[in-house]
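Presented below is the structure to which this report refers.
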Amino acid sequence: MSDRAYQLLEEQQKARGINLDAVKEQLKTLKIETPSWGYGDSGTRFKVYQKEGVPRTPFEKIEDAAQVHRYTGLAPSVAIHIPWDKVDDYGKLRSHAESLGLKIGAVNPNLFQEDEYMLGSVTNANEKIRRKATDHLLECVQIAKETGSRDISLWFADGTNYPGQGDIRKRKAWMQESLSEMYRALDPHMRMLIEYKCFEPAFYHTDLADWGMSYNLAMKLGPQAEVLVDTGHHLQGANIEHIVAYLIDEKRLGGFHFNSRKYADDDLIVGTTNPYELFLIFYQILLASKDNDEAIRNNVSNIAYMIDQSHSIEQKIPAMLRSVLNVQTQFAKALLINHDEVTDAQNRDDVLGAEDAVRKAFEFDVTPLLHAVRQEQGLPLDPMRAYLDSSYGKDILARGKGGASW
Ligand code: PSV
Ligand code: MN
Ligand code: MN
């Protein structure tokens with residue numbers, strides 16, 4: 001893409017009141033966390049595919065994540081999942097990440113893979129199992145202190161498959177009891193991000209099934225508890241950008257798990273099936289970032305953007321590169337929305353004009369803009385090509401098959 005293409009875009013945007021210099025500065029602030037589990041082997045409930053070159057240890061997962069940051073400048077932190085990423089010395093894991101220019105991001109407790117949790121973890125009717133689950137949460141708070149992580153992301157597979165299987169209200173109380181104990185262990189700067197999911201693995205009821213349940217729990221716990229929106233965790237047709245706007249307005253949007261879905265919690269590469277949804281999410285965030293209320297602006301500036309994907313048929317590092325680049329593209333497009341134009345149309349009750357003011361930003365080709373930003377940051381203009389041309393993908397084949405899974 002030539003300088004000429006950028007100049008044309010700049011002129012075009014100037015004419016509609018958008019200053020590309022300011023847009024470029026905002027683009028440079030975008031940070032997207034990638035998940036350690038996205039570099040490991042994964043699959044479906046039918047099969048986990050074993051690929052060659054997959055990291056064998058948490059240390060190697062971080063090395064792979066460093067590649068994504070190296071070529072994009074977008075992904076300076078990695079989320080870890082415990083016990084998938086259990087190590088003897090978390091200080092060592094942290095130093096390893098730092099030596100590669102990365103930070104350890106959110107710590108994700110895992111309360112869904114042990115036999116004892118079949119009927120629930122923090123909501124299990126058996127007190128001993130609830131104690132064990134709460135102890136794991138406390139262990140994760142401790143790990144987060146060692147890794148220097150601010151956030152602990154909480155997702156519970158807890159739920160039931162049949163009416164009558166569990167006492168829904170007792171389970172609700174047990175959940176709150178356990179999370180309250182965890183909350184008390186947090187340092188003042190730390191946050192609990194509470195994820196929800198409409199179904200799966202439980203198919204009748206899930207203890208935290210939607211954003212309202214997570215929000216209610218967060219409100220009861222205190223200001224360090226916020227809601228995590230995983231874009232794959234809603235029923236068909238849910239308006240995620242509405243949920244986003246609502247949570248920001250309540251100052252309780254803690255972060256995202258980005259991924260794409262078509263039918264269920266598909267964990268596909270973000271931006272591949274519904275890029276417009278991603279764009280509209282950023283529209284709400286950017287609109288709120290201009291709010292007069294400082295608390296709302298503050299909530300927006302602390303949103304943790306994280307990917308939550310598992311790559312089973314695709315190559316893992318390129319899949320992660322594609323993901324963060326897709327997020328960057330939609331963020332860039334949303335930065336081209338002229339909010340005054342939208343407001344003017346709203347004030348005139350001009351329904352089509354307002355819709356047009358939003359949609360047309362999505363329709364611009366932002367490639368020259370992204371190239372200009374990458375050039376200014378000393379990054380390759382085409383990060384995917386640069387990675388594929390490097391020897392890294394071939395070198396890691398020496399790891400062989402049988403690496404870490406999920
Ligand atoms: C559950 O579906 C989820 O979205 C949670 O965030 C987990 O931690 C993650 O996927 C990995 O299984
Ligand atoms: Mn998730
Ligand atoms: Mn999920």
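Just one of the listed residues (Leu228, Leu186, Leu193) is at negative phi, of a type outside the set (S, T, N, Q) and away from ligand 2 (no atom under 16 Å from the Cβ), namely Leu186.
Residues of segment 226-253 that are assigned to a loop (DSSP other than H, G, I, E, B), under 17 Å from the mean Cα position of the chain (by Cα) and either among the hydrophobic types (A, V, I, L, M, F, W, C) or within 16 Å of ligand 1 (Cβ to nearest atom) (or both): Thr231, Gly232, His233, His234. The numbered conditions (1) under 23 Å from the mean Cα position of the chain (by Cα); (2) crowded, with 20+ Cβ neighbours inside 10 Å; (3) away from ligand 2 (no atom under 16 Å from the Cβ) are all true for Glu139 except (2). Here is a check on your reading of the model: is Leu369 crowded, with 16+ Cβ neighbours inside 10 Å, outside any helix (DSSP H, G or I) and not β-branched (Val, Ile, Thr)? Here the answer is no, as Leu369 does not meet what is asked.
Those residues that are among the hydroxyl-bearing types (Ser, Thr, Tyr) and crowded, with 18+ Cβ neighbours inside 10 Å, I need them from segment 268-303; list them, please.
Let us first name the residues in segment 268-303 that are among the hydroxyl-bearing types (Ser, Thr, Tyr), namely 272-273, 276, 283, 289, 301.
Answer for segment 268-303, where residues must be among the hydroxyl-bearing types (Ser, Thr, Tyr) and crowded, with 18+ Cβ neighbours inside 10 Å: just Tyr283.
(1) at pLDDT below 95; (2) crowded, with 23+ Cβ neighbours inside 10 Å: which one isn't true of Ser121, the others all being true? Checking Ser121 against (1) at pLDDT below 95; (2) crowded, with 23+ Cβ neighbours inside 10 Å, the one that fails is (1). If you go through segment 198-225 and keep only what is assigned to a loop (DSSP other than H, G, I, E, B), of a type in the set (A, V, I, L, M, F, W, C) and more than 15 Å from ligand 2 (Cβ to nearest atom), you end up with Ala202, Phe203. Evaluation of Ala238 against the conditions (1) away from ligand 3 (no atom under 15 Å from the Cβ); (2) under 20 Å from Val358 (Cβ atoms) shows that the sole unmet condition is (1). For segment 372-406, taking the residues that are basic (Lys, Arg) and exposed (fewer than 14 other Cβ atoms within 10 Å of the Cβ), the one that is nearest to Leu321 (Cα to Cα) is identified as Arg385.
Comparison of Ser323, Ser312 shows that the only residue that is surrounded by fewer than 23 Cβ atoms within 10 Å (Cβ to Cβ) and either in contact with a strand residue (DSSP E or B) (Cβ under 6 Å, 6 or more places away or on another chain) or of a type outside the set (D, E, K, R) (or both) is Ser312. Of all residues in segment 91-118, those that are at positive phi have Cβ atoms under 9 Å from Cβ atoms of residues that are surrounded by fewer than 24 Cβ atoms within 10 Å (Cβ to Cβ) and at pLDDT 95 or above, 6 or more apart or on another chain, in Gly101/Ala66; Gly101/His69; Gly101/Arg70; Gly101/Pro76.
Each row is one residue, and each column tells you yes or no for (1) in a strand (DSSP E or B); (2) within 16 Å of ligand 2 (Cβ to nearest atom); (3) modelled with pLDDT under 95.
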| site | (1), (2), (3) |
| --- | --- |
| Gly255 | yes, yes, no |
| Lys262 | no, no, no |
| Asp266 | no, yes, no |
| Val270 | no, yes, no |
| Phe279 | no, no, no |
| Tyr283 | no, no, no |
| Ile296 | no, no, no |
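Every residue in segment 252-267 that is away from ligand 3 (no atom under 16 Å from the Cβ) and surrounded by fewer than 19 Cβ atoms within 10 Å (Cβ to Cβ), please. Passing the criteria: none in range. Here Pro83 fulfils each of the conditions (1) surrounded by fewer than 21 Cβ atoms within 10 Å (Cβ to Cβ); (2) over 22 Å from Ile194 (Cα atoms) apart from (2).
Is it fair to say Ser149 is among the polar types (S, T, N, Q), at pLDDT 95 or above and either over 22 Å from the mean Cα position of the chain (by Cα) or assigned to a strand (DSSP E or B) (or both)? Against the criterion (among the polar types (S, T, N, Q), at pLDDT 95 or above and either over 22 Å from the mean Cα position of the chain (by Cα) or assigned to a strand (DSSP E or B) (or both)), Ser149 does not qualify.
Just wondering, is there one or more residues in segment 22-37 that are among the basic types (Lys, Arg) and either modelled with pLDDT under 95 or out of contact with any strand residue (DSSP E or B) (no Cβ under 8 Å at 6 or more places or on another chain) (or both)?
yes
Listed by first and then second residue, the pairs with beta-carbon distance under 6 Å, at least 6 apart or on different chains, first residue in segment 187-202 and over 16 Å from Gly120 (Cβ atoms) and touching a residue at least 60 places away in the same chain (Cβ under 8 Å), second within 11 Å of ligand 2 (Cβ to nearest atom) and assigned to a loop (DSSP other than H, G, I, E, B), are Glu195/Trp155.
The values are calculated or read from the model by the stated rules, or taken from the named source; none is laboratory data. Small disclaimer: the values here were computed from a predicted structure and weren't measured. Glycine also receives a Cβ, built like all others from the backbone with ideal geometry; neighbour counts cover every protein chain displayed.
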